[in-house]
Amino acid sequence: MPPLAGPDRIIHADNLDVLPGLPDAAFTLVYLDPPFNSGRVQGRRPTTNVRSATGSVVGFQGQRYERIRGDLVHYDDRFDDYWGFLEPRLAEAWRLLADDGTLYLHLDYREAHYAKVLLDALFGRECFLNEIIWAYDYGGKSKRRWPSKHDTILVYVKDPKRYYFDSTAVDREPYMAPGLVTPEKVELGKLPTDVWWHTIVSPTGKEKTGYPTQKPEGVIRRMIQASSREGDWVLDFFAGSGTTGAVAAALGRRFVLVDENPAAIEVMRGRFGEISGVEFEEAVARG
Ligand SMILES: C[S@@+](CC[C@H](N)C(=O)[O-])C[C@H]1O[C@@H](n2cnc3c(N)ncnc32)[C@H](O)[C@@H]1O
């Protein structure tokens, strides 16, 4: 298959129908923000549909992976549906990642721990780079437990010896205790850690598209700044309102976005209408 070239692409499709048509190792960064625990709602694909790098969905670590999966399914059978939905797509993400590439998998606290165990088995534990906590403070707060106000982003690299990462390219942030550091450091700001405080998309702000699960550009900007270079290709196959593409375009990266929801495509038509060279493709199997 030839390497990626041509325009930035927005594809209306079930991602599992189009991913096998994209070339191996084409993307430096894959960001995925799947619907939470969607297995039962979205329906489960028979695993025979999957074409992964290895030609199998067993996972890249074979026996060990199967055993871990079996244990987790035994422990909680709801998990089977969710992982049945995600696993073939993550296998494709692995195949599509460049040798120096990075996967950012955005989850909430209900799935993150299962996903961590399985990604360790799928990618290899040595390929785990970070668990990023995106902390926000918005909306109702339970008085019966600690209000849940964070998402978890698991970061895995294709090859721990070769992955691209440039922390100096990332927007810096204010020191929490500026009195403890020099004025020069205060002026420069500090490098972000693995805990990112960032507001949600403001309901009245100009970034808002109206898409219900839209993520803030500021959160995705950090990932793209650190884990890709100008001209690199970025993939998001749960694209929603297209936040990944909007940030990629602003930072001079190339992108492919996929979403199966017509409403998401409509939102992206509005969001990318001003940007020339973006091609919309209709690849949904109808009937
Ligand atoms: C949580 S939203 C992504 C939001 C996005 N990060 C943003 O900033 O707008 C998940 C998206 O995945 C899409 N989706 C779910 N299953 C899909 C599938 N099998 N193929 C393609 N898109 C899918 C949904 O339509 C939804 O737009």
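Here are the numbers for the structure shown:
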quantity: Qualifying position, being assigned to a strand (DSSP E or B) and more than 13 Å from the chain's Cα centre (by Cα), among A91, A121, A98; calculated: A98
quantity: Filtered residues of the range 144-187 (kept if part of a loop (DSSP other than H, G, I, E, B), hydroxyl-bearing (S, T, Y) and under 19 Å from L32 (Cβ atoms)); calculated: Y163, Y164
quantity: Lone qualifier among I220, I200 - being over 28 Å from F123 (Cα atoms), under 19 Å from the mean Cα position of the chain (by Cα), of a type in the set (V, I, T) and within 12 Å of the ligand (Cβ to nearest atom); calculated: I200
quantity: Unmet requirement for Q214, which otherwise passes all of (1) in a loop (DSSP other than H, G, I, E, B); (2) more than 9 Å from the ligand (Cβ to nearest atom); calculated: (2)
quantity: Members of the range 223-253 found to be more than 8 Å from the ligand (Cβ to nearest atom), touching a helix residue (DSSP H, G or I) at 6+ places or on another chain (Cβ under 7 Å) and not in a loop (DSSP other than H, G, I, E, B), listed by number; calculated: I224, Q225, A226, V234, L235, G245, A246, V247, A248
quantity: Extreme residue, nearest to the ligand (Cβ to nearest atom), among residues of the range 188-197 that are in contact (Cβ under 8 Å) with a residue 60 or more places away in the chain and either surrounded by 13 or more Cβ atoms within 10 Å (Cβ to Cβ) or in a helix (DSSP H, G or I) (or both); calculated: W196
quantity: Qualifying residue in the range 162-169 (condition: β-branched (V, I, T) and either within 12 Å of R222 (Cβ to Cβ) or exposed (fewer than 13 other Cβ atoms within 10 Å of the Cβ) (or both)); calculated: yes
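We did not get these values from a lab; they are worked out from the coordinates using the rules stated. None of these values were measured; they are calculated from a predicted model. No Cβ is skipped: glycine too gets one built from the backbone with ideal geometry, and neighbour counts run over all protein chains shown.
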